[in-house]
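As structure tokens, the structure follows; a few thoughts come after it.
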């Protein structure tokens, strides 16, 4: 079943729901939740625990994920992950480079969310995805963008070992949000909230990502 974004009080939840069926990187720790102690056992409360890779579901990459001396997730400025963002539809392209990004109005944009052709199916981990190029990362920097969000598990090809896009974004001071769900969301301007947890020393964090439209007339402008 195709994942759908949920709307609550004008905010649209663009996070992948975490359960035992969610897709994950091959060889990585799958997500699981279980009760450690039941209310019957404790006499008062249920107590659960989770086990998961930090890169399962909707998440933020810390630079330490791909750079030995990069910042850990708890060292990142949380203001990066709160504020205006522009969603653009790049679903016609398998490679998101300078030429592709130049087709969109990104002047004055600080955060950009990329809608690709990959369906939002959290239970299915894609075998191939569109990817961002180093030149594309350079253009985002030139525009003043400091966060990019994608609706796929990575900004690089699935089988990449070089992590060229990750590293190019890092060099350009651009943070990375992955696995958002925007299939049924129109292009436009939104308020984004996608806060990572302050996990000390960690290479990433799951987030609850939500957006709220800032467009007075949704769909009324071509981006």
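For region 156-174, enumerate the residues that are at negative phi and either free of Cβ contacts under 8 Å to residues at least 12 places away in the same chain or assigned to a loop (DSSP other than H, G, I, E, B) (or both).
156, 157, 158, 159, 160, 161, 162, 172, 174
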Scan the strands (runs of 3 or more DSSP E) fully inside region 9-74 and keep the ones with 3 or more residues being more than 24 Å from residue 121 (Cβ to Cβ) and out of contact with any helix residue (DSSP H, G or I) (no Cβ under 7 Å at 6 or more places or on another chain). 32-37, 47-51
Among the residues of region 144-155, how many are more than 13 Å from the chain's Cα centre (by Cα), without any contact (Cβ under 8 Å) to a residue 40 or more places away in the chain and surrounded by 15 or more Cβ atoms within 10 Å (Cβ to Cβ)? 1
In contact with a strand residue (DSSP E or B) (Cβ under 9 Å, 6 or more places away or on another chain) and closer than 30 Å to residue 27 by Cα: which single residue out of 113, 101, 87, 106 fits that description? 113
For region 60-69, does any single residue satisfy the condition of being within 24 Å of residue 197 (Cβ to Cβ), surrounded by fewer than 18 Cβ atoms within 10 Å (Cβ to Cβ) and in contact with a strand residue (DSSP E or B) (Cβ under 7 Å, 6 or more places away or on another chain)? no
Please state which one of 211, 185 is within 17 Å of the chain's Cα centre (by Cα), at pLDDT 95 or above, in a loop (DSSP other than H, G, I, E, B) and buried (at least 19 other Cβ atoms within 10 Å of the Cβ). 185
By residue number, the members of region 119-155 that are in contact with a strand residue (DSSP E or B) (Cβ under 9 Å, 6 or more places away or on another chain) and assigned to a loop (DSSP other than H, G, I, E, B) are 129, 130, 133, 145, 146, 151, 152, 153, 154, 155
Do you know which residues across region 94-125 are surrounded by fewer than 17 Cβ atoms within 10 Å (Cβ to Cβ) and either under 18 Å from residue 192 (Cα atoms) or free of Cβ contacts under 8 Å to residues at least 60 places away in the same chain (or both)? 94, 95, 98, 99, 102, 103, 107, 108, 110, 117
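The values are calculated or read from the model by the stated rules, or taken from the named source; none is laboratory data. Because the structure is predicted, anything quoted here is derived from the model rather than measured. Every residue, glycine among them, receives a Cβ derived from its backbone with ideal geometry; neighbour counts consider all protein chains shown.
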